[in-house]
Amino acid sequence: MIQFTHRNEGFKCENCGYTVPPAQQTCRNHCTQCLFSLHVDVFPGDRKCGCQSLMKPVQVFIEKGSASALLHKCTKCGHEQKNKIADDDNRESIMQVYEFNSTHNIHKK
């Protein structure tokens with residue numbers, strides 16, 4: 001069973017410097033502008049991971065014709081984590097990840 005600690009906090013993005021507000025309907029786990037995250041959790045919200053490195057958005061998942069989730073990959077240890085796309089995430093940034101992934105055949109199986 002996956003443990004989940006509810007955290008919905010605003011933060012300053014360590015990649016682009018944007019001040020990210022708390023989410024409106026869920027827990028925030030990545031920057032709404034550049035889509036980067038931090039590798040801080042072992043289980044969602046626990047803040048017990050020792051890595052603490054940036055996680056780059058590397059893949060966009062499409063469900064029912066629209067973007068539904070991002071795959072983040074830790075820039076230090078390589079850990080991958082799938083995260084839901086929020087309504088206020090920057091659509092241009094999502095498209096850039098999608099187009100880069102499609103062009104370079106990254107994460108294709």
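Read the figures in this text as sums done on the coordinates, not as results from a lab. Quantities reported herein were computed from a predicted structural model and do not represent experimental measurements. Note that we place each Cβ from the backbone using ideal geometry, even for glycine, and neighbour counts take in every protein chain shown.
Points worth noting:
- Lysine pairs within the chain, Cα separation less than 14 Å, 8 or more sequence positions apart or different chains: 4
- Local electrostatic count at Pro57 - Lys and Arg +1, Asp and Glu -1, tallied over other residues with Cβ under 10 Å: +1
- The share of C-alpha pairs in region 49-109 whose separation exceeds 17 Å stands at 40 percent.
- Along principal axes, Cα extents of the chain, largest first, whole Å: 35, 31, 29
- Angle between the chain longest axis and helix 91-104 axis [Cα atoms, degrees, rounded to 10]: 60
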